[in-house]
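What follows is a set of notes on a single structure, which appears directly below.
The values are calculated or read from the model by the stated rules, or taken from the named source; none is laboratory data. Because the structure is predicted, anything quoted here is derived from the model rather than measured. As a convention, Cβ positions derive from the backbone with ideal geometry for all residues, glycine included, and neighbour counts pool all protein chains shown. For accessibility, only protein heavy atoms count, side chains too; no ligands or nucleic acids. Shrake-Rupley method; radii C 1.70, N 1.55, O 1.52, S 1.80 Å.
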Amino acid sequence: RFAEDYLGLKLHLFQKIWLYLMGISTIIVTIASRAASKSYMIAIYAVCRAIQYPGSMIVITSGTKGQSKLIVTKKIQNELMRDSFNLRREILKIRDNQNEVEVIFRNGSAITTVTCSDNGLGNRSTVNINEEAKTCDKKILDKVISPFKIVRQIPFMKLPPYEGDKQFEEEPVEVYISSSIDEQHWLYKTAVNAR
């Protein structure tokens, strides 16, 4: 509803279902063929999450800087912003240089790209999106990328009667997106165990 009604995006039924499931899950694994709109859906999910959850820190990782950068430059900047006046209003600025690619929102949220390598140490996120996860080394994902995750700091949680009430805490989210894999690949087991 948010993507269609607020951002004004036209979605197919399968994309609506996909986006809904991403919105209610804390671990998301999508294995789909080429041209199944995986990158487009990552971009929509990331901007919806960033707008609806102020202060979100969304990190997009991939095997190469160029792959994760494409989500920002091609999908968010060139497609979604072109098609959505409200999205253009929500975004404060986009940084795109050799060292960083980042979408900064007016509400304090950010979407950042990171290469799946040891160089990513020190980042923090409330949502990890692993683009073409099959190209990422599982050891790097476990040792470097997954530890990025933190609980989003929600302003109302500092006020009585919510202060310290764990029921309102949001779990960080882990997203794995990839094209086809075989049963021997580590991502297959992750997909089977995701609920």
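Applying a 4.7 Å Cβ-Cβ cutoff to the chain, the cysteines left without a disulfide-compatible partner are C48. Relative contact order of the chain: 28 percent, from C-alpha pairs under 8 Å at least 6 residues apart in sequence.
In the chain, a dipole from Cβ-located charges (positive for Lys and Arg, negative for Asp and Glu) runs towards its positive end, and of I150, W18, H185 it is W18 whose Cα lies farthest in that direction. With R₀ set to 35 Å, the beta-carbon distance separating S33 from Y162 gives a calculated FRET efficiency near 0.20. As an equivalent ellipsoid, the chain spans semi-axes of 24, 21, 18 angstrom, where each value is the square root of five times an eigenvalue of the C-alpha gyration tensor, largest first. Spin-label model, E100/R1: points 7 Å from Cα along the beta carbon direction are separated by 3.6 nm. Model label points for T26 and T135, set 7 angstrom from Cα along the Cα-to-Cβ axis, are 3.0 nm apart.
For the set Y40, Y176, Y162, solvent exposure ranked by accessible area (probe 1.4 Å, protein chains only) runs largest to smallest as Y162, Y40, Y176. Solvent-accessible surface of protein heavy atoms, probed at 1.4 angstrom with all chains present, puts H185, H12 in the order H12, H185, largest first. Charges were assigned to the Cβ only: +1 to each Lys and Arg, -1 to each Asp and Glu. The resulting dipole of segment 21-108 about its Cα centre is roughly 120 debye.
Relative to the 2.2 N^0.38 Å rule of thumb, segment 27-93 has a C-alpha radius of gyration ratio of 1.13. Among the GluC sites (Glu not before Pro) found in segment 62-104, those both in a DSSP coil and sparsely packed, with 14 or fewer other Cβ atoms within 10 Å of their Cβ, are E100.
Straight-line reach from K74: which lysines have Cα under 19 Å away, leaving out those fewer than 8 places along the same chain? Within the straight-line cut-off, K74 pairs with K10, K38, K65, K93. Note: relative contact order over segment 29-108, using C-alpha pairs below 8 Å and six or more positions apart, is 28 percent. Sequentially through segment 161-174, phi angles give Karplus couplings (6.51, -1.76, 1.60; θ = phi - 60°) of x, 7, 3, x, 7, 5, 5, 9, 5, 9, 6, x, 10, 10 Hz, Gly and Pro residues having no value and appearing as x. Expressed as a whole percent, the accessible surface of the chain that belongs to carbon and sulfur atoms is 51, based on a 1.4 Å probe. Subtracting the Cα-Cα distance of R88 and K189 from 0.36 nm times their residue separation leaves 32.5 nm of extension gain.
Computed with a 1.4 Å probe over protein heavy atoms only, the accessible surface of segment 1-133 comes to 48 Å² per residue.
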